[in-house]
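Peer 1: Here you go, one structure.
Every read-out reported here was derived from the displayed coordinates using simple, explicitly stated rules and does not represent laboratory data. Remember, it's a predicted structure, so these values are computed and weren't measured experimentally. So basically every Cβ, Gly included, is an ideal-geometry build from the backbone, and we count neighbours across all protein chains shown.
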Amino acid sequence: MNRRQLLTCMAFGALSLKVNEANAQSYEAFDNLLNNINTDELLKTASEREFQYRLLTIVEIQGVRENKSDSQISDRSVKLIKRFEVSSEQNYISKLINPIWPGGDSGITIGIGYDIGYVSARTFKNDWKDLLPQATISSLESAAGKKAMAAKVLLSNYENLEVPWDKAERQFAAFLPFVIGETETAFPNARNFKSGDCRGALTSLVYNRGSLVNSSDRRVEMLNIKNFMASRQYEKIPAEIRHMKRLWQNSGLPGLIERRELEALLFERGLEDE
């Protein structure tokens, strides 16, 4: 190796070191916030999924889901979604292994945020047939389509049933590609991201808020994100995610405000790789 080649290698090495240091710093704020959110705040947010705004892109044909994506999202974005649904494996085993009713308009919920009230009995059975005993599935089938107080009154029927953590994880992994597909349908160019962080941040948003976009006060930021995605003005999207915090400023749900911040941070980090 001659002197010029040596100097070139040294320069590239120094540049790589700087890039790695910058990447580590950009993840630090995300990791610190995610790891320090109060568990009780996390569990309050799990009941605040906005099902009424979910588009019918996850359609059911004889109980079989459509619109499955083969795109990947980052490990950090998967961790974000799981953390806001169940907090941790330990917390799941101690508090969520039995069916729950999170409150509000939710239905009976099992696993990692799987709400039986928002699926048909056929879809529920297809989703869990290889994971739970037939007796458990037959019992929980009565919760399909039941929401709010109609679900609450059923909860005592299921108090002795359990959904083990490993089964919950397997079902979550099987369902997530459909949410990614819904995200890619809602937001143009999401499929084209090189970064699993950017796509994952938007997937977390859709998992929580659904994918409906319109100009109503509650959905205008979703519409803005769609338009910025279409025009590839990706740098404007984190501000739109943060602006959604206004919806929960006085809701007593600080976890949702923190979730929006985490999604914005993760999207910003992903832009560094685009």
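Peer 1: Could you pull the Cα extents of region 155-274 along its three principal axes, largest to smallest, in whole Å?
Peer 2: The Cα atoms of region 155-274 stretch 51, 35, 24 Å along their principal axes.
Peer 1: DSSP loop (so not H, G, I, E, B), at most 12 other Cβ within 10 Å: list which GluC sites (Glu not before Pro) in region 149-179 pass both filters. Don't skip to the answer; put the middle values down first.
Peer 2: On the way: sites: GLU159, GLU162, GLU169; in loops: GLU159, GLU162.
Answer in residue order: GLU159.
Peer 1: At 7 Å along the Cα-to-beta-carbon direction for both ALA121 and LYS152, put a label point, then send me their distance in nm to one decimal.
Peer 2: Going from the ALA121 label point to the LYS152 one covers 2.5 nm.
Peer 1: Follow-up question, since we're still on this one. If one computes the Cα centroid of region 227-259 and of region 92-125, what distance in Å separates the two points?
Peer 2: Cα centres, region 227-259 to region 92-125: 26 Å.
Peer 1: Select from region 201-274 those trypsin sites (Lys or Arg not before Pro) which occupy a DSSP coil region and have at most 15 other Cβ atoms within 10 Å, ordered by residue number.
Peer 2: Numbers: sites: ARG209, ARG218, ARG219, LYS226, ARG232, LYS236, ARG242, LYS245, ARG246, ARG259, ARG260, ARG269; in loops: ARG218, ARG219, ARG232.
In loop regions of region 201-274 (DSSP not H, G, I, E or B), the sparsely surrounded trypsin sites (Lys or Arg not before Pro) are ARG218, ARG232.
Peer 1: Run the numbers on region 156-234 and let me know its relative contact order in percent, using alpha-carbon pairs under 8 Å that are six or more apart. Please report the intermediate quantities before stating the final value.
Peer 2: Working: 46 pairs, mean separation 21.5, N = 79.
Here the relative contact order equals 27 percent.
Peer 1: Mind checking Rg over Rh on region 199-238, alpha carbons, Kirkwood formula for Rh? Let's see the in-between values first.
Peer 2: On the way: Rg = 9.8 Å, Rh = 10.4 Å.
We get a ratio of 0.95 for region 199-238.
Peer 1: Still on this structure, I have one more. Quickly work out the ASN160-to-SER216 label distance, labels modelled 7 Å from Cα along the C-beta direction, and quote it in nm with one decimal.
Peer 2: Using points 7 Å along Cα→Cβ, the separation is 4.3 nm.
Peer 1: Give me the one-decimal nm value for the distance between modelled label points at ILE93 and ASN227, 7 Å along each residue's Cα-to-Cβ direction.
Peer 2: Output for this residue pair reads 5.0 nm.
Peer 1: Under a point-charge model restricted to the Cβ atoms of Lys and Arg (+1) and Asp and Glu (-1), what is the dipole moment magnitude of region 114-214 relative to its Cα centre, in debye to the nearest 20? Could you put the intermediate results ahead of the total?
Peer 2: On the way: 12 positive and 11 negative charges, 58 e Å.
Result for region 114-214 is approximately 280 debye, rounded to the nearest 20.
Peer 1: Right, next: For region 172-217, build the charge dipole from Cβ charges (+1 Lys, Arg; -1 Asp, Glu) around the Cα centre, then report which of GLY181, LEU205, SER216 sits farthest towards its positive end.
Peer 2: GLY181
Peer 1: For region 125-185, just say rounded, prolate or oblate: build the C-alpha gyration tensor, square-root its eigenvalues into a ≥ b ≥ c, call rounded for a/c under 1.5, and beyond that prolate if a/b exceeds b/c, oblate if not.
Peer 2: Numbers: a/c = 2.38, a/b = 1.41, b/c = 1.68.
It comes out oblate by the Cα gyration axes.
Peer 1: Which of rounded, prolate, oblate describes region 112-216, given a ≥ b ≥ c as roots of the alpha-carbon gyration tensor eigenvalues and a/c under 1.5 marking rounded, otherwise prolate only if a/b is larger than b/c? Mind dumping the intermediate values first?
Peer 2: Numbers: a/c = 2.76, a/b = 1.76, b/c = 1.57.
In terms of gyration-tensor shape, prolate.
Peer 1: On to the next question. Determine, for region 63-191, the count of lysine pairs separated by eight or more sequence positions (or lying on different chains) whose alpha-carbon distance falls under 15 Å. Don't skip to the end; give the middle numbers.
Peer 2: Numbers: LYS82/LYS95; LYS82/LYS167; LYS125/LYS167; LYS129/LYS167.
Taking region 63-191 as the scope, the lysine pair count is 4.
Peer 1: Now a separate question. Name the long-range amide H neighbours of ILE108: under 5 Å, sequence gap of 5 or more, or other chain; modelled H, no Pro or chain starts.
Peer 2: For ILE108, the qualifying residues are ILE116, GLY117.
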